[in-house]
Amino acid sequence: MNPNPGSHFPHLLAPLDLGFTTLANRVLMGSMHTGLEDGSKHFPAMAAFFAERARGGVGLIVTGGFAPNIEGWAKPFAGTLSTSAGARRHKLVTDAVHAEGSKIALQILHTGRYGYHPLCVAPSRIQSPISPFTPWALSAHGIERQIRAFVRCAKLAREAGYDGVEVMGSEGYFINQFLVTHTNHRTDEWGGAYENRMRLALEIVSRVREAVGVDFIVIYRLSMIDLIPDGSSWPEVVQLAKAVAGAGATLINTGIGWHEARIPTIATSVPRAAFAWVTKKMRAELRAAGITVPLITSNRINMPEVAEQVLADGSADMVSMARPLLADAEFVNKARAGRRDEINTCIACNQACLDHTFRAELATCLVNPRAGRETQEVFQARPAGRKKRIAVVGAGPAGLAAATVLAERGHEVHLFEAAAQIGGQFNLAKLIPGKEEFAETLRYFGRRITSSGVRLRLGTRISAHDLIALGCDDVVLATGVVPRHAAIPGADDALLRERILSYVDVLLHAKPVGERVAIIGAGGIGFDVAEYLATRPGESPTMNLHEWLAEWGVADPSQARGGVVRARPAAPARHITLLQRKAGKLGKGLGKTTGWIHRAALQMKQVEMLGGVNYERITPQGLYITYGDKRSDGQLIECDSIVICVGQEPQRELLDPLRLANQSTHLIGGADLATELDAKRAIDQGTRLALRL
């Protein structure tokens with residue numbers, strides 16, 4: 001690497017010479033399924049989506065996965081590239097990226113037994129725990145057909161104008177399934193000894209290289225740590241990496257964990273660059289063998305200084321970032337210009353990207369609702385036709401989004417916030433262990449307020465009278481929520497008042513909480529409060545990589561097969577009981593891709609979870625509950641403190657007087673709908689309103 005000493009991030013922004021071509025910098029926009037791949041009707045939107053990232057300075061883009069045939073589908077009629085007609089449709093995408101001066105590769109993704117359809121195939125007839133379909137075991141002839149499909153897809157990608165392909169060989173997908181005995185029970189030349197099990201990967205890479213020629217990028221996505229008990233051993237992974245490099249791979253990308261692994265790898269609770277050490281370990285193995293193929297590292301690299309450090313310490317030659325470029329298409333340009341504080345940071349919440357994908361919705365981004373919607377009329381940021389004076393009341397996520405977009409369009413915006421700082425409910429969220437990233441969103445909005453000219457007034461609880469006197473064209477009420485009162489006998493007992501707390505009392509006001517705690521309400525807030533109270537101050541594992549690895553049982557793969565050992569979580573700070581009225585599993589309404597992480601984290605903290613309960617009364621000894629409609633099996637939950645997390649009520653006291661005065665008024669965020677705090681909806685709603693006014 002020859003970093004540019006004059007650059008703000010010299011290693012990150014240094015070009016990468018691949019021999020036959022040079023990448024402008026070390027930033028790879030990693031593959032991420034957005035849903036735009038699944039149908040040619042979305043190709044104009046996909047072209048605009050990638051073109052915006054190319055314009056933002058990304059060195060190389062990898063598309064979401066495209067299956068090489070129907071057996072490889074992620075789901076019925078998922079994105080597939082298997083015909084010349086299909087290749088011609090892709091020209092729209094590749095031409096758009098090339099027009100902006102960047103390069104793009106197509107990911108070839110065969111899901112194998114992860115396929116959510118009855119035609120899925122695998123090395124052996126072993127059902128995946130994340131799909132209801134049992135795969136068909138391939139014959140030797142069937143394996144050959146799959147290899148030819150990969151090769152055909154790569155040739156079609158070149159025909160479509162792509163600069164390369166990424167062969168998806170990690171995360172437990174088809175190729176990965178051949179590599180481990182956990183999913184490969186074959187006894188022929190494709191199973192048994194590791195040389196046979198890795199044969200599929202080598203056949204695909206070598207035949208793809210032969211078919212596309214020497215001047216085409218071939219990335220191999222290698223599972224460097226499987227995070228499943230029967231995963232590959234470290235010597236096997238090193239052997240495969242060396243062989244893949246010899247078979248013609250231009251770049252080797254790092255894959256972390258199988259999708260069925262029970263260890264989080266990309267959620268916000270995962271420390272930044274948590275797995276760069278694995279790539280560094282592999283890079284040392286390859287360099288010691290004289291192999292100079294560049295290695296890409298991945299997972300939770302979301303700011304330029306993180307990427308710079310990873311490259312500077314020799315962990316990798318390139319960094320892969322997918323969701324960070326969903327959050328901010330201008331990430332690279334801002335880093336180059338020294339505008340790091342203007343980057344809209346990915347907080348790894350998964351709420352609008354991966355959770356959308358699992359619900360068969362198009363992916364977007366909680367902190368950037370324009371992502372994936374670049375062609376939609378509503379997200380075209382046009383200058384204001386007539387400059388208006390607009391007041392925004394409340395500087396939570398909804399108010400911040402509305403105020404900054406309005407000001408950037410040219411309106412005169414007055415933003416009033418009763419608290420001493422911006423952020424609203426995000427100021428609570430950022431205190432939760434594992435959600436420290438939420439502070440980055442507030443840093444970003446704070447910078448936007450300054451640059452856009454929003455007139456911010458903190459510590460100001462403005463009245464309807466003063467708003468009317470301001471003479472605004474529009475008033476936007478983003479006044480948020482207040483905690484809902486729990487109508488439980490004893491809750492209003494003056495003698496028990498010190499023991500009964502709201503979540504705001506606990507998180508914002510830091511009121512004392514006893515050693516034994518009952519939390520009433522097991523929605524997102526209840527789970528957050530439980531995590532907060534179960535963790536000792538200063539012990540958030542997200543802030544300490546070694547503690548996080550120990551807590552989740554992640555080990556050096558050279559010491560433990562698959563890189564997994566027994567988890568060693570820290571002792572809980574308190575004895576906590578989390579309760580909900582609904583029967584069934586607690587946390588059922590949490591995010592699809594993160595809910596299991598929250599449940600597992602609380603289980604490791606020995607939090608007792610009870611569902612289907614009735615809150616009968618609060619007593620000096622604790623909380624008395626019964627179960628079910630029959631109110632049976634009475635039980636006293638002995639506790640020193642009771643924390644109420646039973647929802648919120650919208651704050652709308654300004655609404656009626658403003659409307660009575662015929663003031664044009666708009667409700668957004670929690671003030672509009674307070675059933676559950678939803679920053680995704682709040683930011684989206686604030687942005688849309690601001691683009692419309």
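The values are calculated or read from the model by the stated rules, or taken from the named source; none is laboratory data. Keep in mind that what you see is a predicted model, and the values were worked out from it rather than measured. When we count neighbours, we look across all protein chains shown, and the Cβ atoms used for this are built from the backbone with ideal geometry, even at glycine. In case anyone asks, the SASA skips ligands and DNA or RNA and just uses the protein heavy atoms, side chains included. Shrake-Rupley method; radii C 1.70, N 1.55, O 1.52, S 1.80 Å.
List the residues, sorted by chain then number, that are 5 or more residues from Glu616 or on another chain and whose placed amide H is less than 5 Å from its amide H.
For Glu616, whose amide H was placed from the backbone, the distant partners under 5 Å are Tyr624, Ile625, Thr626.
Taking amide hydrogens as modeled 1.01 Å from N in the peptide plane, which residues meet the under 5 Å criterion relative to Arg186, leaving out close sequence neighbours?
HN-HN under 5 Å from Arg186: Gly192.
About the Cα centre of region 78-148, what is the dipole size in debye to 20, counting +1 per Lys and Arg Cβ and -1 per Asp and Glu Cβ, all else neutral?
The dipole of region 78-148 has a size of about 140 debye.
May I ask you to list the residues of region 599-615 whose amide nitrogen lies under 19 Å from a point 7 Å from Cα along the Cα→beta-carbon direction of Lys630?
Residues 611-615 fall inside that zone.
Given an 8 Å cut-off on Cα distances and at least 6 residues of separation, report the relative contact order of region 615-693 as a percent.
Rounded, it is 18 percent for region 615-693.
Can you give me the distance in nm between label points at Asn333 and Ala312, each placed 7 Å from the Cα along the Cα-to-Cβ direction?
Once both label points are built, they end up 2.6 nm from each other.
Using DSSP loop states and a limit of at most 14 other Cβ atoms within 10 Å to flag chymotrypsin sites (Phe, Trp or Tyr not before Pro), what is the longest stretch of the chain containing no flagged site?
78-693
For the chain, build the charge dipole from Cβ charges (+1 Lys, Arg; -1 Asp, Glu) around the Cα centre, then report which of Pro129, Met303, Ile61 sits farthest towards its positive end.
Going by the Cα projections, it comes out as Ile61.
Shape of region 561-610 from its Cα gyration tensor (a ≥ b ≥ c, root eigenvalues): rounded if a/c is under 1.5, otherwise prolate when a/b > b/c, or oblate?
Here region 561-610 falls in the oblate category.
Would you mind checking the pairs Lys103/Lys280; Lys41/Lys387; Lys511/Lys605; Lys75/Lys680 and listing those with alpha carbons more than 30 angstrom apart?
The answer is Lys41/Lys387.
How much length is gained on full extension from His185 to Asp17, taking 0.36 nm per residue of separation minus their Cα-Cα distance?
So the extension gain works out to 56.4 nm.
Would you work out which of Gly290, Trp234, Ala247 lies farthest towards the positive end of the dipole of region 223-311, given +1 charges on the beta-carbon of Lys and Arg and -1 on that of Asp and Glu, about the Cα centre?
In region 223-311, that residue is Gly290.
Label-point separation (nm) for Arg516 and Leu119, each offset 7 Å from Cα along Cα-to-Cβ?
The modelled label-to-label distance comes out at 6.0 nm.
Let me spell out the model: positive unit charges on the Cβ of Lys and Arg, negative unit charges on the Cβ of Asp and Glu, origin at the Cα centre of region 78-215. What dipole size does that give, in debye rounded to 20?
340 debye
Just the accessible area per residue of the chain, please: how many Å² with a 1.4 Å probe?
Ligands and nucleic acids excluded, the figure is 38 Å² per residue.
Using a cut-off of 17 Å between alpha-carbon atoms, which aspartates and glutamates can reach Lys630, once sequence neighbours fewer than 8 places away in the same chain are excluded?
Glu616
Considering the options Gln635, Val393, Ser82, tell which one lies farthest towards the positive end of the dipole of the chain, charges being +1 on Lys and Arg and -1 on Asp and Glu at the Cβ, about the Cα centre.
Of the options given, the answer is Ser82.
Below 18 Å, Cα to Cα, which aspartates and glutamates can Lys91 reach? Residues fewer than 8 away in the same chain don't count.
Glu37, Asp38, Glu52, Glu100, Glu159, Asp163, Glu166
By how many degrees, 0 to 90 and rounded to 10, does the Cα axis of helix 679-692 deviate from the longest principal axis of the chain?
That works out to roughly 90 degrees.
Using square roots of five times the C-alpha gyration tensor eigenvalues, list the equivalent-ellipsoid semi-axes of region 100-207 in whole Å, biggest first.
For region 100-207, the semi-axes come out at 26, 16, 12 Å.
What is the magnitude of the charge dipole of the chain about its Cα centre, with +1 placed on the Cβ of each Lys and Arg, -1 on the Cβ of each Asp and Glu, and no other charges, expressed in debye to the nearest 20?
My answer is approximately 840 debye.
Between Asn662 and Ala570, what FRET efficiency comes out of the Förster formula 1/(1 + (r/R0)^6) with R0 = 56 Å and r the beta carbon distance, rounded to 0.05?
For Ala570 and Asn662, the calculated efficiency is 0.45.
Determine which lysines satisfy two conditions relative to Lys388: a Cα distance under 20 Å, and not lying fewer than 8 residues away in the same chain.
none
Per the helix-only calculation at 222 nm, which mean residue ellipticity applies to the chain, given -39500 (n - 2.57) for every DSSP H run of n ≥ 4 and division by its residues, nearest 500 deg cm²/dmol?
-9000 deg cm²/dmol
Could I have the simple spin-label model distance between Val378 and Asp493, label points 7 Å from Cα toward Cβ, reported in nm to one decimal?
4.9 nm
Give me the percent of accessible area attributable to carbon and sulfur for region 206-277, probe 1.4 angstrom.
Reported share for carbon and sulfur atoms: 54 percent.
Once both axes come from the Cα atoms, what is the angle between helix 43-55 and the longest principal axis of the chain, in degrees from 0 to 90, rounded to 10?
The helix 43-55 is inclined about 90 degrees to the chain.
If R0 is 30 Å, what FRET efficiency do you get for Ser84 and His141 from their C-beta distance, rounded to 0.05?
0.75
May I ask you to derive the relative contact order of region 67-221, considering only C-alpha pairs under 8 Å and at least 6 residues apart, and to give it as an integer percent?
25 percent
Can you give me the pair-distance distribution of region 15-127, C-alpha pairs, 10 Å bins, whole percents?
Result returned by the calculation: 14, 41, 29, 14, 2.
Can you send over the carbon and sulfur percentage of the accessible area for region 385-455, probe radius 1.4 Å, protein chains only?
Using a 1.4 Å probe with all protein chains present, region 385-455 comes out at 49 percent carbon and sulfur.
Below 8 Å, C-alpha to C-alpha, sequence gap of six or more: please give me the relative contact order for the chain in percent.
12 percent
Once a ≥ b ≥ c are taken as the square roots of the eigenvalues of the Cα gyration tensor of region 352-466, is the result rounded (a/c under 1.5), prolate (a/b larger than b/c) or oblate (a/b not larger than b/c)?
Judged from the Cα gyration tensor, region 352-466 comes out oblate (a/c at least 1.5, b/c at or above a/b).
For the chain, give the share of DSSP beta bridges that are antiparallel, in percent and rounded to the nearest 5; count only bridges with both residues there.
Expressed as a percentage, antiparallel bridges in the chain total about 20.
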